[in-house]
Amino acid sequence: MPTRVAVDPRCAGPLAGYSRPGRKRGGPFLVLAPAAWVLFTLASSARADDASQWVARVAQAARQLNYVGTIVYQQGARVETSRLTHLSDNGREYEKLVNLDGPAREVVRALGEVRIYYPDAKIVRVEPRTFRNAFPSLSAEQQKSLTQYYNFRLVAGERVGGHAADIAVFEPKDGLRYGHRFWADTETSLLLKARVINERGEVVEQFAFTDLTVNAKVDPPMVEPTWAAVPPDWTVKEASAGDVAPNDTGWAVTRIPPGFTKIMEGFRQLRGRRDPVAHLVFSDGLVAISVFVEPYTTAPAPTGMKHQGGLNVYSVRQDDFLVTVLGEAPGATVRLIGNSVSHR
Amino acid sequence: MNENISRLMDGEVDANEVDAVCTALKRQDAMAIWTCYHVIGDAMRGTGAPRAGFAESFAERFAAEPTVLAPSRQHSSRIATWSWAIAATLAAVTVVGWTASSLLGDTPAAVAKAGEATAVNAARVRASTIPADYLMAHQEYSPAAAIQGVGPYLRAVATQGDRP
């Protein structure tokens, strides 16, 4: 136990474990420093390429392949099983996810729209989602922060769901982000398993295929919703356009953790809100943190921290506004950001 | 400093500042402010301040307590101090974690999660529903979500986070 406590990155501040060559002072070192620096820079940019290429390759495989499999999703002590079918038809993606435990749920993604069916509640949520920000489109800055703020390494050889897998490890160099492990099929690069690890090395959330057929024969009916037409007594909850026109919202985050850069800023319309909500997104190349700012309504909104698996949410009232920060990052990080949102 | 003390009491100090604020607290005047703020807080909540002279009479009675003599440990006191400090820290985390989880009435995982949250503010963490609108709006920008394909929707339909 003592060693674990001693290495807890939280205790050592944001730049813990962050070492750079070139700090020592000494005769020969001064001469060698420039050479060492060049080597270091080369090595680190090579790693950055590796990491971002790996990420791009895996994201691409998830979009372009046809596959059918069973996914086990674990979040704390909860375990849920779902059946996933994915079809890529001339670059158009269709996907169907049906959960096998608990109340029936069905997620169907087709042509830039996601529908979530809740048969017990007789509700369909329609979300215009395109993953238009999907890979491979990491900015140079994000690519750099991938290896500047995470130790990236590839480990060969493990089996997941009957497939040989390579493991990509992203270990955070500070306490401001979670660790991530991804198992990808050695042959097709399809993601087989993913795990989010907190600062104490505990698994916060993970999912894995227990069986999977890649390059499966997938016919269009297999990815169609169970309900071809929405039954008349169901409620359709339709979200307004998912597009956000890039815009200056007038809001800024004054204490953004190192490595996070703003990738989007604009106003979006959220269901049930009269006024548009300001939405800012920051990313370190691996995860994203969203900041939402909206007028504080008279109905008291729940403030404070919430979490679900690897997601943390922090809401705080700021005068006449409600600030909500949501991201795949530790509670402290999300909170740090939430408390530093201010008018520009 | 006064503001930091106030923030510390409210649990508003970030994890990376806690050490600095606690160190500053060791100063006599800072301690006085800490005490003063607590008395103000007690008075405002109507949870009666201790009677006048409490600290003095406590100190007197404490000094009068017999000293317990115990054989000293064999190994270095420095190590002992360290391990005690660590044990105390862990115990504190566990206790707060359990308190938070008994409020939540939740699983061991929630305890672990609550333990993590003690660095922030245990009492405020609730394992609960993430507003679906925010979640949906957020996840299309997340690189991790892109790697996982439909993975993020598992979160959306995981019954715990279920709210159509």
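The values are calculated or read from the model by the stated rules, or taken from the named source; none is laboratory data. Quick caveat, the model's predicted, so the values are computed rather than measured. Cβ sites come from the backbone with ideal geometry, for glycine too, and all protein chains shown count toward neighbours.
Residues in the range A:320-332 that are more than 9 Å from chain B (Cβ to nearest Cβ) and either surrounded by 21 or more Cβ atoms within 10 Å (Cβ to Cβ) or not charged (D, E, K, R) (or both): how many?
Taking the range A:320-332 first, the residues more than 9 Å from chain B (Cβ to nearest Cβ) are A:320-323, A:325, A:329.
Those still in the list that are either surrounded by 21 or more Cβ atoms within 10 Å (Cβ to Cβ) or not charged (D, E, K, R) (or both) too: A:321-323, A:325, A:329.
The total comes to 5.
Which numbered condition in (1) part of a loop (DSSP other than H, G, I, E, B); (2) assigned by TED's automatic domain parsing to the domain that holds A:G310; (3) buried (at least 16 other Cβ atoms within 10 Å of the Cβ) is the only one that A:G272 fails?
Going through (1) part of a loop (DSSP other than H, G, I, E, B); (2) assigned by TED's automatic domain parsing to the domain that holds A:G310; (3) buried (at least 16 other Cβ atoms within 10 Å of the Cβ) one by one, A:G272 breaks only (3).
Can you find even one residue in the range A:137-149 that is out of contact with any helix residue (DSSP H, G or I) (no Cβ under 6 Å at 6 or more places or on another chain), part of a strand (DSSP E or B) and surrounded by 21 or more Cβ atoms within 10 Å (Cβ to Cβ)? Write out each step before concluding.
Residues of the range A:137-149 out of contact with any helix residue (DSSP H, G or I) (no Cβ under 6 Å at 6 or more places or on another chain): A:137, A:139-142, A:145, A:148-149.
Narrowing further to those that are part of a strand (DSSP E or B): none.
No, that holds for no residue.
Quick check, is A:E265 closer than 30 Å to A:R92 by Cα and charged (D, E, K, R)?
So A:E265 fits the description; yes.
Quick check on A:L322: is it outside the structural domain of A:E141 (by TED's automatic domain parsing) and in a strand (DSSP E or B)? Explain how you work it out, then say what you get.
Values: outside the structural domain of A:E141 (by TED's automatic domain parsing): yes; in a strand (DSSP E or B): yes.
Taking the combined requirement at face value, the residue satisfies it.
Taking the residues in the range A:294-319 that are in a loop (DSSP other than H, G, I, E, B) and in contact with a strand residue (DSSP E or B) (Cβ under 6 Å, 6 or more places away or on another chain) as candidates, determine which candidate is farthest from the other protein chains (Cβ to nearest Cβ). Lay out the reasoning, then the answer.
Start the filter on the range A:294-319 by keeping residues that are in a loop (DSSP other than H, G, I, E, B), which leaves A:296-303, A:309-310, A:319.
Checking the rest, the ones that are also in contact with a strand residue (DSSP E or B) (Cβ under 6 Å, 6 or more places away or on another chain) come to A:296, A:301, A:303, A:309-310.
Details: A:Y296: 15, A:A301: 10, A:T303: 8, A:G309: 6, A:G310: 8 Å.
Here the answer is A:Y296.
Looking at A:T226, A:T188, can you tell me which residue is more than 11 Å from chain B (Cβ to nearest Cβ), in contact with a strand residue (DSSP E or B) (Cβ under 9 Å, 6 or more places away or on another chain) and surrounded by 14 or more Cβ atoms within 10 Å (Cβ to Cβ)?
Answer to the selection: A:T188.
Just to verify a result, which residue in the range A:62-76, among those that are at the interface with chain B (Cβ under 9 Å from one of its Cβ atoms) and assigned to a helix (DSSP H, G or I), is farthest from A:N198 (Cα to Cα)?
A:R63
With respect to A:A184, determine if the residue is modelled with pLDDT of 90 or more and closer than 19 Å to A:Q74 by Cα.
Working: modelled with pLDDT of 90 or more: yes; closer than 19 Å to A:Q74 by Cα: yes.
Yes: the conditions hold for A:A184.
Scan the range A:290-306 and tell me whether some residue there is in contact (Cβ under 8 Å) with a residue 60 or more places away in the chain and buried (at least 16 other Cβ atoms within 10 Å of the Cβ).
Looking only at the range A:290-306, we keep the residues that are in contact (Cβ under 8 Å) with a residue 60 or more places away in the chain, and these are none.
Looking for residues that are in contact (Cβ under 8 Å) with a residue 60 or more places away in the chain and buried (at least 16 other Cβ atoms within 10 Å of the Cβ), one finds none in the range A:290-306, hence no.
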